[in-house]
1. Take the residues in the range 119-148 that are in contact with a helix residue (DSSP H, G or I) (Cβ under 7 Å, 6 or more places away or on another chain) and of a type in the set (Ser, Thr, Tyr); name whichever of them is farthest from residue 189 (Cα to Cα).
2. Could you go through the range 109-116 and let me know if any residue there is in contact (Cβ under 8 Å) with a residue 24 or more places away in the chain, within 17 Å of residue 137 (Cβ to Cβ) and open to solvent by 50 Å² or more (accessible area, probe 1.4 Å).
3. What are the pairs, 6+ residues apart or on separate chains, where a residue within the range 181-200 that is in a loop (DSSP other than H, G, I, E, B) has its Cβ under 9 Å from a residue that is modelled with pLDDT of 85 or more and of a type in the set (Ser, Thr, Tyr)?
4. Filter the range 194-236 for residues that are hydroxyl-bearing (Ser, Thr, Tyr) and closer than 16 Å to residue 142 by Cβ; which is least open to solvent (accessible area, probe 1.4 Å)?
5. Return the only residue of 153, 179, 173 being crowded, with 24+ Cβ neighbours inside 10 Å and more than 14 Å from the chain's Cα centre (by Cα).
6. Can you name every residue in the range 30-76 that is in contact with a Leu (Cβ under 6 Å, 6 or more places away or on another chain) and under 13 Å from residue 9 (Cα atoms)?
7. Checking residue 116 against (1) within 25 Å of residue 11 (Cα to Cα); (2) outside any helix (DSSP H, G or I), which test does it fail?
8. Condition test on residue 123, is it open to solvent by 60 Å² or more (accessible area, probe 1.4 Å) and closer than 21 Å to residue 175 by Cα?
Amino acid sequence: MNSTSTTGRVVMVSGANRGMGAAIAARLAADGYRLSLGARRTDALAESAPDIEPERLLLHHHDATDLDSARNWVDATVERFGGLDVLVNNAGIVDRTGLESMDEEVLDDMWAVNVKGPLRLTRLALPHLRRSGSGRVINMASLSAKRVKGDSIVGYSMTKYALLALSHAIRQIGWDDGIRVTAVCPGPVATDMMDPDDDTITQPSDVADLVATMIALPNTASVSELLIGCRMEIWA
């Protein structure tokens, strides 16, 4: 089975300035991809960006709550590199307010970033992914998209369930054009959302390795959901 070549392929990664996004960017840079990295804080993005040739790298402001920001980023990517092959929807937020005390503004914020953000970018990227013939969409979901574990992240789980539904919708409409979609669903990962120093949970670099594998698979070997566990669970 031959994997998809990395030569010349263009990848957009949202939320690329830290955590899993930065780890994914570093791994894909090492694999030879051309990278368009987006984040709200471009100064932090510049500090965390991989040290690769300038012609392989674009850093761009991206606010997941703003349609114009998404459109400007996609347009800048295609203008710079001439096309787009892979979209990694990584930007996300979490709030641990419980069901009975949840502020609706908190849920609105998570909905805007975790669901509408990926939806916007995907809509804008789809024409370019179709032209690629082997386009890829990686949606960074969570095991919270597969099960609700306690009351404290019920709103987060709701948004990740929605992201999982979006993943399957993209997969269906893009299949005949060579677009393959994977919803990556990790459990606890050692990032700022959990504990970056906890070596008993999944490391961002391990998630990045798996994302790179999903992107490189040929059209004939598509993985729709990838569940990643660091503890014994029914779903992982």
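The values are calculated or read from the model by the stated rules, or taken from the named source; none is laboratory data. Source: prediction; values computed, not measured. For neighbour counting, all protein chains shown are included, and Cβ atoms are generated from backbone atoms with ideal geometry for every residue, glycine included. In case anyone asks, the SASA skips ligands and DNA or RNA and just uses the protein heavy atoms, side chains included. Shrake-Rupley method; radii C 1.70, N 1.55, O 1.52, S 1.80 Å.
1. Among those residues, the one meeting the criterion is 122.
2. yes
3. 187/142; 187/144; 187/202; 188/200; 188/202; 190/200; 190/202
4. Looking only at the range 194-236, we keep the residues that are hydroxyl-bearing (Ser, Thr, Tyr), and these are 200, 202, 205, 213, 220, 222, 224.
Going one step further and asking which of them are closer than 16 Å to residue 142 by Cβ, we end up with 202, 224.
Working: 202: 16, 224: 35 Å².
Applying the filter and picking the extreme gives 202.
5. After ruling out the rest, the residue left standing is 179.
6. Correct list: 35, 36, 57.
7. Failed condition: (2).
8. Values: open to solvent by 60 Å² or more (accessible area, probe 1.4 Å): yes; closer than 21 Å to residue 175 by Cα: yes.
Yes: the conditions hold for residue 123.
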